[in-house]
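Enquirer: Before I ask anything, let me first share the structure, which is written out below as structure tokens.
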Amino acid sequence: MRRLKFAVLGAVALVIATAAPAGAITYGQPDAGEHPYVGFMIFFDPGEPGWFSCSGTLLDASTFLTAAHCTYGIGTRGQVSPGTSGGTDVWVTFQEQEVLKGWPARADYPTEEALYAARSSWLNQNSAYTRGTAYPHPDYDNFADFPVNHDVGVVELKHATRMSRYGRLAALGTAEQLVATAAPNDALVETVGYGIQAIQPRPMDIESRFKSTSRIVELNGNQSAGGNLHTLNNPSDVGGRGGSCFGDSGGPVFVNNTNRVVAVVSYGPSATCHGADYSWRVDTAAAQLFVNRFLG
């Protein structure tokens, strides 16, 4: 998949009625209404061509925080958008369960044009979804500068979605503070998203919002030093109960038991979503300079 050449936590390709077995919160549990401001996004990339899904966080009534690779190169009315920013073939919902119930299946349409027409019509007529405009970080270049990826993006919603509470950006340097003040193995974060729940021993894909906790491993490793938060994706009593997988891209990594977003899910090295997760930090000045220009 072009969006993430080497990594496996990228957007899920939507081939038929459900997401392809490729990812979501692993070893987690249903969100049960705890994070109503975490949403599901679906978009069309004419360069593939294909439909993909990600997760994200509503920061105010119209600003949806996600990953840059979920906002890069999105189409406009089924065609290639000028440049890699500003595409409008993206829709967001905050429905918690069965977000793709009734989704038009690929097998029912003979051409990409017919499939685009059917799926975009389905989304436009679905009152649970609102359309948006996608903006990746201007320094994002499809992981060309790995590991300094600038993998943060925003979708500006066409119609405001008002809630009593929103997610919010964590204070600058929150990750360092968590690691410095926690006992060993106690620097826990919480990931929320709509991706696949398991790949082994058998795929498990429920198109609903899930959550899980995981432990911060490091902030200054070979891959994390550039701005990535390295967390554990192996369930244990001390290391947290899970992690992220395909389809969770762009979803929030919260300071545990809060609405403060310290990072957005970016990538992972394992095709089975085990071992390590990497999320792009948004508790940095560079990330917040970009995001804050869309807020309030």
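The values are calculated or read from the model by the stated rules, or taken from the named source; none is laboratory data. All of these numbers come straight from a predicted model, not from anything done at the bench. Every residue, glycine among them, receives a Cβ derived from its backbone with ideal geometry; neighbour counts consider all protein chains shown. Only protein heavy atoms, including side chains, enter the accessible area calculation; ligands, DNA and RNA are left aside. Shrake-Rupley method; radii C 1.70, N 1.55, O 1.52, S 1.80 Å.
Enquirer: How many residues does the range 165-181 hold that are open to solvent by 80 Å² or more (accessible area, probe 1.4 Å), assigned to a helix (DSSP H, G or I) and either closer than 11 Å to residue 254 by Cβ or among the β-branched types (Val, Ile, Thr) (or both)?
Expert: Let us first name the residues in the range 165-181 that are open to solvent by 80 Å² or more (accessible area, probe 1.4 Å), namely 165, 168, 172, 176-177, 180-181.
From the residues that got through so far, the ones that are assigned to a helix (DSSP H, G or I) too are 176-177, 180-181.
From what's left, either closer than 11 Å to residue 254 by Cβ or among the β-branched types (Val, Ile, Thr) (or both): 181.
Of the residues in the range 165-181, 1 are open to solvent by 80 Å² or more (accessible area, probe 1.4 Å), assigned to a helix (DSSP H, G or I) and either closer than 11 Å to residue 254 by Cβ or among the β-branched types (Val, Ile, Thr) (or both).
Enquirer: Also: Within 19 Å of the chain's Cα centre (by Cα), open to solvent by 30 Å² or more (accessible area, probe 1.4 Å) and among the small types (Gly, Ala, Ser) - does that describe any residue in the range 131-145? First the steps, then the outcome.
Expert: Residues of the range 131-145 within 19 Å of the chain's Cα centre (by Cα): 131-143.
Pick out the ones that are also open to solvent by 30 Å² or more (accessible area, probe 1.4 Å) and you get 131, 133, 135, 138-139, 141.
From what is left, the residues that are among the small types (Gly, Ala, Ser) are none.
The answer is no, given that none of the residues of the range 131-145 is within 19 Å of the chain's Cα centre (by Cα), open to solvent by 30 Å² or more (accessible area, probe 1.4 Å) and among the small types (Gly, Ala, Ser).
Enquirer: Something else about it: Is it the case that the range 98-114 has a residue that's touching a Gly at 6+ places or on another chain (Cβ under 8 Å) and closer than 30 Å to residue 151 by Cβ?
Expert: We begin by selecting, within the range 98-114, every residue touching a Gly at 6+ places or on another chain (Cβ under 8 Å); these are 113.
Going one step further and asking which of them are closer than 30 Å to residue 151 by Cβ, we end up with none.
No, the range 98-114 contains no residue that is touching a Gly at 6+ places or on another chain (Cβ under 8 Å) and closer than 30 Å to residue 151 by Cβ.
Enquirer: From the set of residues in the range 46-67 that are at pLDDT 95 or above and in a strand (DSSP E or B), which is nearest to residue 99 (Cα to Cα)?
Expert: Within the range 46-67, the match that is nearest to residue 99 (Cα to Cα) is 56.
Enquirer: When you scan the range 30-41, do you find a residue that is aliphatic (A, V, I, L, M), modelled with pLDDT under 90 and open to solvent by 20 Å² or more (accessible area, probe 1.4 Å), even just one?
Expert: There is no residue in the range 30-41 that is aliphatic (A, V, I, L, M), modelled with pLDDT under 90 and open to solvent by 20 Å² or more (accessible area, probe 1.4 Å).
Enquirer: Shifting gears a bit: Pairs please, first residue from the range 129-146 and in contact (Cβ under 8 Å) with a residue 40 or more places away in the chain and closer than 27 Å to residue 119 by Cβ, second anywhere and open to solvent by 20 Å² or more (accessible area, probe 1.4 Å) and in a strand (DSSP E or B), Cβ atoms under 6 Å, 6+ apart in sequence or on different chains.
Expert: Pairs that qualify, where the first residue is in contact (Cβ under 8 Å) with a residue 40 or more places away in the chain and closer than 27 Å to residue 119 by Cβ and the partner is open to solvent by 20 Å² or more (accessible area, probe 1.4 Å) and in a strand (DSSP E or B), are 132/156; 133/156.
Enquirer: Starting from the range 94-122, keep only residues that are assigned to a helix (DSSP H, G or I), then list their pairs with residues that are among the basic types (Lys, Arg) and open to solvent by 50 Å² or more (accessible area, probe 1.4 Å) whose Cβ atoms are within a distance under 7 Å, requiring at least 6 positions of separation or different chains.
Expert: Hits for this filter: 115/106.
Enquirer: So which strands (runs of 3 or more DSSP E) stay within the range 182-283 end to end and still have 2 or more residues that are more than 21 Å from residue 152 (Cβ to Cβ) and either modelled with pLDDT of 80 or more or open to solvent by 20 Å² or more (accessible area, probe 1.4 Å) (or both)?
Expert: Here the list reads 210-218.
Enquirer: Looking at the range 78-116 only, could you name the residues that are under 21 Å from residue 161 (Cα atoms) and open to solvent by 60 Å² or more (accessible area, probe 1.4 Å)?
Expert: Listed by number, the residues that qualify are 95, 97, 98.
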